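Data block below; observations after.
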4 protein chains.
Amino acid sequence: MNITIWNENRHENKNPEVAKVYPKGIHGALAEFLEEEANVVRTATLDEPEHGLTEEVLNDTDVLLWWGHIAHDEVEDAIVTRIQDRVLDGMGLIVLHSGHLSKIFRTLMGTGCDLKWREADERERLWVVEPGHPITEGIGEYIEMPKEEMYGEHFDIPAPDELVFISWFEGGEVFRSGATFTRGRGKVFYFRPGHETYPTYYNKDIQTVIKNAVRWSAPKNTPVPVYGNARPLEAISSKDTEGKN
Amino acid sequence: MNITIWNENRHENKNPEVAKVYPKGIHGALAEFLEEEANVVRTATLDEPEHGLTEEVLNDTDVLLWWGHIAHDEVEDAIVTRIQDRVLDGMGLIVLHSGHLSKIFRTLMGTGCDLKWREADERERLWVVEPGHPITEGIGEYIEMPKEEMYGEHFDIPAPDELVFISWFEGGEVFRSGATFTRGRGKVFYFRPGHETYPTYYNKDIQTVIKNAVRWSAPKNTPVPVYGNARPLEAISSKDTEGKN
Amino acid sequence: MNITIWNENRHENKNPEVAKVYPKGIHGALAEFLEEEANVVRTATLDEPEHGLTEEVLNDTDVLLWWGHIAHDEVEDAIVTRIQDRVLDGMGLIVLHSGHLSKIFRTLMGTGCDLKWREADERERLWVVEPGHPITEGIGEYIEMPKEEMYGEHFDIPAPDELVFISWFEGGEVFRSGATFTRGRGKVFYFRPGHETYPTYYNKDIQTVIKNAVRWSAPKNTPVPVYGNARPLEAISSKDTEGKN
Amino acid sequence: MNITIWNENRHENKNPEVAKVYPKGIHGALAEFLEEEANVVRTATLDEPEHGLTEEVLNDTDVLLWWGHIAHDEVEDAIVTRIQDRVLDGMGLIVLHSGHLSKIFRTLMGTGCDLKWREADERERLWVVEPGHPITEGIGEYIEMPKEEMYGEHFDIPAPDELVFISWFEGGEVFRSGATFTRGRGKVFYFRPGHETYPTYYNKDIQTVIKNAVRWSAPKNTPVPVYGNARPLEAISSKDTEGKN
């Protein structure tokens, strides 16, 4: 499977605290464990030409991961449309953490995708609410993160097709933190954890979920819809039987 | 209730056949039966300033109906965003027939919203598949239209929150022809029938469905979410209990 | 509207602590605030003949509320089937708190409906996650209960049609605490709060939600499906055109 | 993967017309193509002891297929409960055609599962409405059956988690003919075609869908929920802070 990991890659370059947690960038940390599964993993970042997401790269991508935060606006609209087209055509998309406000996620959702947030080193517990879902394979009843940023409801998304995780936060909020959406022939998974100052993506359970989501969202050889003017498949008799109606 | 009916109003001015069916415009026909219910009904059309959808008009609108077809591209993006914001804030939206390719519907869906189509004077039968839904109040098991344009699957929308009608077409296709979606605090109903050359909006069952949809999608005094940075509602102890984790 | 409130009514008779909180029974407390809205409110309890739910009573009931806990097994199967039939035919059903393990709820869900629980006088906060839903009319972003029993995920229900509330509990769990389901022409709302030793049903927000749910689940004059052998609505030509296929 | 195909196996023994189409029984025809995929395939029929579905057999079954029609009532309730428990615990279940009225399907749905029907040798066309779904891998935009029994809406099921196919029938009806449901940790797929007098299960597309559904519904190593009394994961302070509330 061909995976492309997109990372804004700004925090890592500006904030030594982040660089210390993720010396190879968040994309580097994601790539490391995804490569364990015999995937072909490519990375792409905001400051590359076309943000590293040329037609060629996207056409060769089965699943795209997205991490962005402080520079959503710098992503060009034309590239967003290109990604959207690929998702509608079947490419999987996994949107991580602060990617909830990315142009591509908001475009695919049709809503504002806003939420409550707080940085307070608080405990998060992600409860599995759909325990037969393939994305939960290999984990327990919940995942506990000792310190994470809080995201709280209301999360302004359409009702997910499947709600997989709900988070509990120490400060008193809850959040729909693992949610699936189908758009066209493509599968989208939003997964909440991953604030840049915490070592979240080194957590084995978090890695398991992301690996599962990659497999779950990979495109299959499913029907390609044909749109536009269509000839009838059956005889149309209404002109001859007008009296009937 | 304050209702605004938006119509592109181009067919009516260019095509005598359409003008004959809808001498007051499609918006006029819709207004006529919606006024029966003691609603305050306003109409707006593409060629008015701001397409007739000023901030003032939209802020005073509980439910917006939308009919467009050949000039979707002429609707200004800024107005589309304005409508989207109002929907997310609670305004109901009823998208009719060829409005499936309107900017506002595609924006709220996040998908291409394309489909198969055919103009062949064929019979359509809209079957109720959610017979407890308030939108079906007062009609029978199905609505039969002697002649309509065909719309066929695949219809490129997200899975609806509720699927209310499925259409059968004489030429061999099916279509999800009545579907609800929630976006933010707003309710959206897509309703398929209404090709401009047929007297569809004079059909009593079609009128009943649209009246029901208006009532169903009207905003209520529901909670207004607060987004952004949030103070904790509970004491956060993790800093002090680091050892625990 | 005709409302029937069903209560097991055993705790009230056995446990002075409960009798002190609900001197007129839980059904009495529910009836009191539902009568404020010009509804015709009837109560029924386990130990009445046919549990107070005769054919006549049910046929005259628009919305049935259900509170039970320690005697689910004593409800006769024939009465459960009678209630199920009425729900499929359009009667609204509101299942409260420990009613999650009632025969009628389990029958309508098709699952075990089990969950985690704890009685520890802990704080519950019910967050609104569908802020346009009519059931949330008139309340704020969340409802806070100072002391309630904990119910925790996994809650073994089918994915709700609409998820309206998610609860946060002090002890670390979350719960899908307000959820809607459609069964046949009937609407079902499960609402979590209401442990018998706490004055939950005197809380104004809880009352508002229950009042809203009653209105939302009330039957309407929607189509009555016809089942069984059906004559064709269109000519069937396949016998004559066998060669075609 | 271990597959068990359950067939009522009465038509085959009573009706020479059916025996001619399915000389090895419907279960035999299903087994034949499922064995192509290196599955371990077992069959079981109504008239075997415990209907061939002992604890041992079910515990060793990953996916169960179900075909029944004229003897639903002869299936023992205890066996139905046994199957339900296994589904809730993760076993896949594929319910075929007239299995819609089987005890196990009705139990898992919570509704009547009734529908319209007609035997008239008419054409059916199953349209794909979820073209990214793994169950549609390897087929085209629709499957056409030259002659099938008609099943028409309203189909009295809960709204499916995913609607994969909608059927068009020559006589004027539509039907939700491929639908998924999650119950507990188990996945359920209802697939409409397969009247006993037609060679439906020899159709390659139908076989592809059933093979896909078997893979899709197979259990995975997902979390096993723990139910019942639960100790708190966090300190509960409400007793000490009563004044706060």
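The values are calculated or read from the model by the stated rules, or taken from the named source; none is laboratory data. Quick caveat: nothing in here was measured; it's all calculated off a predicted structure. Quick reminder, even Gly has a Cβ in these numbers, built from the backbone with ideal geometry, and neighbours come from all protein chains shown. Calculation scope for accessible area: heavy atoms of the full protein, side chains included, ligands and nucleic acids excluded. Shrake-Rupley method; radii C 1.70, N 1.55, O 1.52, S 1.80 Å.
Between D:Asp73 and A:Val226, what FRET efficiency follows from the Cβ-Cβ distance if R0 is 60 Å, with the result rounded to 0.05?
Values: r = 45 Å, r/R0 = 0.75.
It comes out at approximately 0.85.
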ask   = Considering every residue in B:140-148, what mean count of other chain Cβ atoms within 10 Å of its Cβ is obtained?
value = 4
query = Using DSSP loop states and a limit of at most 16 other Cβ atoms within 10 Å to flag trypsin sites (Lys or Arg not before Pro), what is the longest stretch of chain A containing no flagged site?
reply = A:25-219
message = Going by amide H atoms built from the backbone, whose H comes under 5 Å of the H on C:Thr43, apart from near neighbours?
response = C:Ile5
remark   = Shortest first and in nm, the label-point separations between C:Lys204 and its counterparts in the other identical copies (7 Å out along Cα→Cβ) come to 4.6, 5.2, 7.0
ask   = Amide H to amide H under 5 Å from A:Glu162: which residues, 5+ apart in sequence or cross-chain, H placed 1.01 Å off N in plane?
value = A:Thr180
request  = Report, in degrees rounded to the nearest 10, the 0 to 90 angle that the Cα long axis of helix A:25-34 makes with the longest principal axis of chain A.
outcome  = 70 degrees
query = Hey, got the average number of other protein chain Cβ atoms within 10 angstrom for residues in B:79-87?
reply = 1
request  = Return the percentage of antiparallel bridges among DSSP beta bridges fully within the protein assembly as shown, rounded to the nearest 5 %.
outcome  = 55 percent
ask   = Relative to the longest principal Cα axis of chain C, at what angle does helix C:77-88 sit, 0 to 90 degrees, rounded to 10?
value = 70 degrees
query = What is the pair-distance distribution P(r) of the stretch D:82-183, computed from all Cα-Cα distances in 10 Å bins starting at 0, with each bin given as a whole percent?
reply = 14, 44, 34, 8, 0
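Assuming a ≥ b ≥ c are the square roots of the Cα gyration tensor eigenvalues, decide whether the protein assembly as shown counts as rounded (a/c under 1.5), prolate (otherwise, with a/b larger than b/c) or oblate. Don't skip to the end; give the middle numbers.
Working: a/c = 1.20, a/b = 1.10, b/c = 1.09.
Since a/c stays below 1.5, the shape of the protein assembly as shown is classed as rounded.
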message = If I build a Gaussian network model for chain C, linking alpha-carbon pairs within less than 10 angstrom, which residue out of C:Asn221, C:Asn203, C:Asn13 has the largest mean-square fluctuation?
response = C:Asn221
remark   = Listed residues D:Gly172, D:Gly90, D:Gly184; largest mean-square fluctuation, Gaussian network over chain D with Cα springs below 10 Å, found at D:Gly172
inquiry  = Taking amide H atoms as placed 1.01 Å from N in the peptide plane, list the residues 5 or more away in sequence, or in a different chain, whose amide H sits under 5 Å from that of C:Gly152.
reply    = C:Lys116, C:Trp117
task = List the distances, in nm to one decimal, from the label point of B:Ala38 to the label points of the same position in every other copy, shortest first, placing each label point 7 Å from Cα along the Cα-to-Cβ direction.
result = 1.2, 7.1, 7.1
request  = Please give the average number of partner chain Cβ atoms lying within 10 Å of the Cβ of each residue in B:209-222, rounded to a whole number.
outcome  = 2
message = Ratio of alpha-carbon Rg to the 2.2 N^0.38 Å globular estimate for chain C, to two decimals, please.
response = 1.14
task = Could you calculate the FRET efficiency of A:Asp85 with A:Glu36 from 1/(1 + (r/R0)^6), where r is the beta carbon distance between them and R0 is 45 Å, rounded to 0.05?
result = 0.90
query = Taking the label point 7 Å from Cα in the Cβ direction, how far apart in nm is B:Asp73 from each other copy of itself, listed shortest first?
reply = 2.9, 6.5, 7.2
message = On the rotation axis linking copies A and D, which residue of A comes nearest by its Cβ, and by how many whole Å?
response = A:Asp161, 4
task = Quick one: pull the percent of accessible area on chain C belonging to carbon and sulfur, 1.4 Å probe, ligands and nucleic acids left out.
result = 47 percent
inquiry  = How much accessible area per residue does chain A have, counting only protein heavy atoms and a probe of 1.4 Å, in square angstrom?
reply    = 34 Å²
query = Which value in nm describes the separation of the simple spin-label points at D:Arg215 and C:Glu50, placed 7 Å from the Cα toward the beta carbon?
reply = 5.4 nm
key: Electrostatic dipole magnitude of the protein assembly as shown [Cβ: Lys, Arg +1; Asp, Glu -1; Cα centre; debye, to 20]   = 0 debye
